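Worksheet for the structure shown next.
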Amino acid sequence: MGKPAQKRLVRKLDLERFLSQIEPHPSPRASLEQYTISEVIAASMLYLAAYVNDDVVGKNVLDLGCGTGRLALGAAFLGARSVVGIDIDKVAIRSAWTTSKKFGFRGVQWIVGDISAVTGTFNTVLQNPPFGVQKRAADRKFLEKALEVGAKVYSLHNHPSTDKQLVKQLRADKGCLLQVAPSPFLERFVEKHGGSVEAVYALLMTIPRMFDFHMKAKHDFVVDLYILKRHS
């Protein structure tokens, strides 16, 4: 990689500032559910992976459906040994490549293509897959591939129910992680594909009005971060 692995602890605020410099998708498509992950969510996810579970620094990291590269570049910033980002959208990949060049991450590889093209093994997979709002079960393909190639997987999914009390708790402390029970369906799906759920954390996702069908200036909803382990 263009820069050596981080030997010091990066402050979460500095990570958020770095992530805020990564541009969102310039022309997102609703059909692909191209919602750029917020710097707060991305930082919480990366911080947990890097400094609680030791799954980023010095590791080989894959970002499936990377978009403009916030998770992939965040991993590079924290000191991953190598990073690969793949997305079917060439516009998103071009933006990610431009940002990685700007910050000097020469060893980060960007691939335009379907995630089915990914082979090999990675220490860690990071992903913010489509939730299946536009195309039912769209996230399952990502989970299958992540468990096929990754030893550890950090994957965001829609919270299975509307929980006003949970939203209130998360709003009170933006960026906080609250441990919750896994969806029984997702837990069975993960086990069927050779993995197990280590933990699930609820976070508050906020997206601005992006498409004509959005009725509010911004929308808050709960997402669940699944930490998965593949059985060898």
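The values are calculated or read from the model by the stated rules, or taken from the named source; none is laboratory data. Every value quoted in this text rests on a predicted model; they were computed, and no experiment measured them. Cβ placement follows ideal geometry from the backbone for every residue including glycine, while neighbour counts extend to all protein chains displayed.
If you go through segment 143-170, how many residues are in contact (Cβ under 8 Å) with a residue 40 or more places away in the chain and basic (Lys, Arg)?
Counting residues in segment 143-170 that are in contact (Cβ under 8 Å) with a residue 40 or more places away in the chain and basic (Lys, Arg) gives 2.
Identify all residues within segment 61-95 that are part of a helix (DSSP H, G or I) and either free of Cβ contacts under 8 Å to residues at least 40 places away in the same chain or at positive phi (or both); write none if there are none.
Let us first name the residues in segment 61-95 that are part of a helix (DSSP H, G or I), namely 70-78, 90-95.
Those that are part of a helix (DSSP H, G or I) and either free of Cβ contacts under 8 Å to residues at least 40 places away in the same chain or at positive phi (or both): 90, 93, 94.
Go through segment 120-162 and give me each residue that's in a loop (DSSP other than H, G, I, E, B), surrounded by fewer than 18 Cβ atoms within 10 Å (Cβ to Cβ) and either in contact with a Cys (Cβ under 9 Å, 6 or more places away or on another chain) or at pLDDT 90 or above (or both).
Result: 120, 121.
When only residues in segment 179-214 that are within 26 Å of residue 168 (Cβ to Cβ) and of a type in the set (S, T, N, Q) count, which is modelled with the lowest pLDDT?
Top of the filtered list is 206.
Taking the conditions exactly as written (out of contact with any Asp or Glu (no Cβ under 8 Å at 6 or more places or on another chain) and either within 15 Å of residue 38 (Cβ to Cβ) or loosely packed, with under 15 Cβ neighbours inside 10 Å (or both)), does residue 165 satisfy them or not? Let's see the steps before the verdict.
Values: out of contact with any Asp or Glu (no Cβ under 8 Å at 6 or more places or on another chain): yes; either within 15 Å of residue 38 (Cβ to Cβ) or loosely packed, with under 15 Cβ neighbours inside 10 Å (or both): yes.
For residue 165, the condition - out of contact with any Asp or Glu (no Cβ under 8 Å at 6 or more places or on another chain) and either within 15 Å of residue 38 (Cβ to Cβ) or loosely packed, with under 15 Cβ neighbours inside 10 Å (or both) - is met.
Can you name the residue in segment 186-197 that is part of a strand (DSSP E or B) and free of Cβ contacts under 8 Å to residues at least 40 places away in the same chain and is also surrounded by the most Cβ atoms within 10 Å (Cβ to Cβ) among such residues? Outline the logic, then answer.
Taking segment 186-197 first, the residues part of a strand (DSSP E or B) are 195-197.
Those left that are additionally free of Cβ contacts under 8 Å to residues at least 40 places away in the same chain: 196-197.
Details: 196: 13, 197: 18.
Per the stated criteria, the residue is 197.
Report, by residue number, each residue of segment 49-102 that is farther than 17 Å from residue 114 by Cα, among the charged types (D, E, K, R) and surrounded by 18 or more Cβ atoms within 10 Å (Cβ to Cβ).
If the condition is that a residue be farther than 17 Å from residue 114 by Cα, among the charged types (D, E, K, R) and surrounded by 18 or more Cβ atoms within 10 Å (Cβ to Cβ), then 55, 59, 70 are the ones that fit.
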